[in-house]
Amino acid sequence: MSRMSLPFYRRRQFGDAVGKLAVYALLIVGALLAFFPFVWMVSTALKTPPQVLDVPIRWLPDPITGENFAAAWWRFDFARYFLNTLFISSAVTILSVTICSMAGYAFAKKHFWGREMIFNMLLATLTIPGAVLMIPLFLTILKLGWINKFIGIIVPFCVSVTNIFLMRQYISTIPTELEEAARIDGASDFTIWWRIILPLSKPAMATVAIFSFVGAWDGFLWPLIVLKDKAMWTLNVALGLLQIEYIAAEGSPWGVMMAGSVLVVLPLIGVFLTLQRYFMKGLIIGAVKG
Amino acid sequence: MTMSPTMKPGPLLRRVALAVYREVRFNYWPYLFVLPALAILGAFLLYPALYAFRMSFYDWQALGESEFVGLENYQRFLEMPNVRLAVSNTLYYTALNVPSTLFVSLFVALLLNAEIRARAWFRVLFYLPVISSDVAVALLWKWIYWAGARGLLNNLIGVFGLPPQDWLGDPKLAMPAIVLLTIWKGMGSNVLIFLAGLQSIPPELYEAAMIDGAGVWARFRHVTWPLLRPVTLIVLLLLTIGSLQVFTPVFVMTGGGPANHTLTIAFYIYNLAFGSGLYGFASAVSYLLFAAILGITVIQRRYFSDVVY
């Protein structure tokens with residue numbers, strides 16, 4: 001308080017005000033740049049075909065039409081792709097939360113032979129790039145007969161080392177006294193995991209669940225390789241392949257394509273907005289400590 | 001071991017025996033707990049990675065017999081028609097994307113770290129592109145870049161009297177256009193990582209620097225930047241590793257075109273394997289990419305060798 005003489009303090013305050021104004025101005029411009037492509041996406045999706053091609057462009061559709069969404073949903077079969085994607089993402093999420101929390105519990109609290117070695121090996125696998133796995137994983141799935149099946153998408157990607165790490169970090173903060181109390185009552189490790197660890201690690205489970213769900217919903221390269229049959233496609237595969245086909249055929253099917261994009265993005269943004277505090281937490285733990 | 005003795009009544013001998021039994025018996029639960037994770041990671045991560053290594057020494061094609069060819073796939077690497085192009089395109093993409101995303105993310109994080117209202121709202125807005133699906137946003141930007149007068153970007157630059165460009169069809173513009181999309185898409189997560197790093201810097205350091213008369217730049221240069229090094233390393237590694245594997249924007253926006261000017265290594269591997277069926281050669285290319293990524297990780301870590309994790 002006394003470290004600043006008055007004129008300096010006043011000067012700083014003035015500088016602060018100008019600086020703060022500049023900060024706000026830059027942030028608002030940045031946020032608009034981040035947001036406006038989405039406005040364009042939704043606006044295009046709500047336009048009639050002639051409006052989509054209007055020059056000069058218009059930001060607000062007039063009249064607003066739902067025909068692009070209807071066309072995407074029924075004619076282009078996005079209803080099916082939506083359900084496919086929902087099924088795959090939900091299955092991945094359930095498996096991921098269960099498996100990663102079990103492994104996380106063991107790595108956090110149990111002492112067993114080979115624990116450090118196994119855990120370090122898992123961390124080392126983080127350096128394997130996805131591109132290396134593409135071909136051999138495809139051949140593995142081929143051998144298992146999982147081509148064109150949802151299981152070929154779900155099982156290979158339902159465990160991630162990052163999520164195990166996240167669960168381990170969180171579970172290691174749960175006081176050991178609780179487990180010991182249960183053990184005196186004769187509880188097995190499984191009961192302790194089910195009755196004590198799971199209920200107490202809900203925030204970490206939520207984070208893992210969101211990351212798994214979003215990751216599976218976002219997946220593209222792998223479903224593209226595995227799901228050859230049109231009826232099995234996910235939203236992303238449908239969007240990625242149909243756009244090539246229809247731009248070649250019709251030139252500018254952007255109303256329908258943007259409606260399809262909204263259908264892909266909207267659930268993700270919905271999940272993010274409702275559960276964002278878990279998101280931010282997981283992101284920081286995953287990035288800074290990983 | 002952290003097992004507590006039971007306090008149930010009973011003959012002393014029985015109690016001792018029970019306690020000893022509890023200490024020495026084999027507890028199989030930890031192994032059961034890690035088994036599903038290890039089985040899946042082993043079968044679908046470790047085994048395929050090693051399998052690819054073996055494949056890279058074979059003339060392994062989709063159809064017909066595979067034949068051991070030693071290092072031939074690796075030797076052929078530079079002779080294959082588009083390999084050099086794929087490598088140089090990928091390096092070009094990485095060289096554009098990594099520094100610009102790093103710079104923009106750090107800048108936005110610094111702005112967000114100022115004492116401002118509605119920080120949470122800004123964070124959410126900057127994070128929206130990150131959460132959105134790769135395919136959907138690549139498609140959206142393909143539409144924004146649409147050639148002729150109907151594209152949004154051409155409309156916007158038209159306001160300043162600039163002629164419309166064929167953003168994704170022009171060999172010079174296509175890659176920078178893809179980079180612009182990935183900066184927009186990838187910025188948000190790096191902003192959050194930087195922000196976490198910034199908020200862990202003790203405010204006393206800034207106060208001390210201000211007493212010494214340090215201005216905004218001096219405070220950044222001598223307090224923020226040095227203390228942010230560990231976080232910068234992480235962002236740098238994540239960005240580089242991701243950039244070297246870029247696939248989806250290329251697939252959706254250009255298909256590698258125009259005239260292979262956006263052909264990247266990952267897209268090339270995909271085409272080799274699933275277009276031409278050259279699994280063995282594609283595996284060799286994958287392993288060279290793996291080696292490059294490991295090499296870069298090691299170099300960047302060495303450069304930041306003072307960073308303690």
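The values are calculated or read from the model by the stated rules, or taken from the named source; none is laboratory data. Just so you know, these numbers come straight off a predicted model, no measurement behind them. Cβ coordinates were reconstructed from backbone atoms using ideal geometry, including for glycine residues, and neighbour counts include every protein chain displayed. Each accessible area value is taken on the protein alone, full model and side chains, heavy atoms only, with ligands, DNA and RNA left out. Shrake-Rupley method; radii C 1.70, N 1.55, O 1.52, S 1.80 Å.
Summary of the geometry: region A:201-280 and region B:242-306, compared by the centres of their Cα atoms, lie 23 Å apart. Working value for region B:110-260: equivalent-ellipsoid semi-axes of 37, 18, 15 Å, each the square root of 5 times a Cα gyration tensor eigenvalue, largest first.
Solvent exposure of the protein assembly as shown amounts to 48 Å² per residue of accessible area, where only protein heavy atoms count and the probe is 1.4 Å.
Would you mind counting up the charge near A:VAL237? Only other residues with Cβ under 13 Å from its Cβ, with Lys and Arg at +1 and Asp and Glu at -1.
Details: positive: A:ARG80, A:LYS228, A:LYS230; negative: A:ASP77, A:ASP218, A:ASP229, A:GLU245, B:ASP134.
Result for the local shell: -2.
Note on chain A: GNM, Cα springs under 10 Å; of A:ASN120, A:ASN236, A:ASN84, the largest mean-square fluctuation is that of A:ASN120. A helix-only calculation puts the protein assembly as shown at -21500 deg cm²/dmol for mean residue ellipticity at 222 nm, using -39500 (n - 2.57) for each DSSP H run of at least four residues, averaged over all residues.
For the residue pairs A:LYS143/B:LYS185; A:LYS143/A:LYS230; A:LYS47/B:LYS142; A:LYS230/B:LYS142, the alpha carbons lie more than 27 Å apart in A:LYS143/B:LYS185.
Modelled this way, with points 7 Å down the Cα-to-C-beta line, the labels at A:ASN120 and A:ARG75 are 6.1 nm from one another. Counting only protein heavy atoms and using a 1.4 Å probe, the accessible area of A:THR274 comes to about 110 Å². For B:TYR127, the solvent-accessible surface with a 1.4 Å probe is about 10 Å², rounded to the nearest 10. Amide hydrogen proximity for B:GLY257: with H placed 1.01 Å from N in the peptide plane, the residues at 5 or more positions away or on another chain lying under 5 Å are B:THR262.
Excluding A:ILE64 itself, calculate the net charge of residues whose Cβ lies under 14 Å from the Cβ of A:ILE64, where each Lys or Arg counts +1 and each Asp or Glu counts -1. Intermediate results must be reported in sequence, preceding the final value.
Working: positive: A:LYS47, A:ARG58; negative: A:ASP62, A:GLU67.
For residues surrounding A:ILE64, the net value is 0.
Per atom type, the protein assembly as shown shows carbon and sulfur on 68% of its accessible surface, probed at 1.4 Å. Placing R0 at 22 angstrom, the Cβ-Cβ distance between A:ILE244 and B:TRP121 gives a FRET efficiency of 0.05 after rounding to 0.05. Once the Cα-Cα distance is subtracted from the 0.36 nm per residue extended length, the B:ASP170 to B:ILE201 segment shows a gain of 6.7 nm. Largest GNM mean-square fluctuation among A:LYS109, A:LYS20, A:LYS228, using chain A with Cα springs under 10 Å: A:LYS20. Of the residues A:LEU83, A:LEU221, A:LEU27, the one that moves most in a GNM of chain A with alpha-carbon contacts below 10 Å is A:LEU27. Surface calculation, 1.4 Å probe, protein heavy atoms: A:MET121 sits at approximately 100 Å² accessible. For the chain pair B and A, buried accessible area totals roughly 8500 Å², probe 1.4 Å, rounded to the nearest 100.
Here region B:186-223 and region B:94-170 have alpha carbon centers that stand 25 Å from each other.
Compute the normalised compactness of region A:78-289: alpha-carbon radius of gyration over 2.2 N^0.38 Å, N being the residue count. Don't jump to the answer; show the numbers that get you there.
On the way: Rg = 20.0 Å, N = 212, 2.2 N^0.38 = 16.8 Å.
My calculation over the Cα atoms of region A:78-289 gives 1.18.
Annotation: amide H of B:ASP59 within the under-5 Å range of B:GLU67, B:PHE68, B:VAL69, sequence separation 5 or more or interchain, hydrogens built in the peptide plane.
Placing dummy labels 7 Å off each Cα toward the beta-carbon, the span from A:LYS143 to A:LEU60 is 6.2 nm.
Using DSSP loop states and a limit of at most 13 other Cβ atoms within 10 Å to flag trypsin sites (Lys or Arg not before Pro), what is the longest stretch of chain B containing no flagged site? Walk me through the intermediate numbers first.
Details: sites that count: B:ARG25, B:ARG117, B:LYS172.
Answer from the scan: B:173-309.
Would you mind giving the mean number of other chain beta-carbons within 10 Å of the Cβ of each residue in B:116-127, as a whole number? Don't skip to the end; give the middle numbers.
Values: counts 4, 2, 4, 1, 3, 2, 6, 3, 9, 9, 6, 8.
Per residue, the average neighbour count from other chains is 5.
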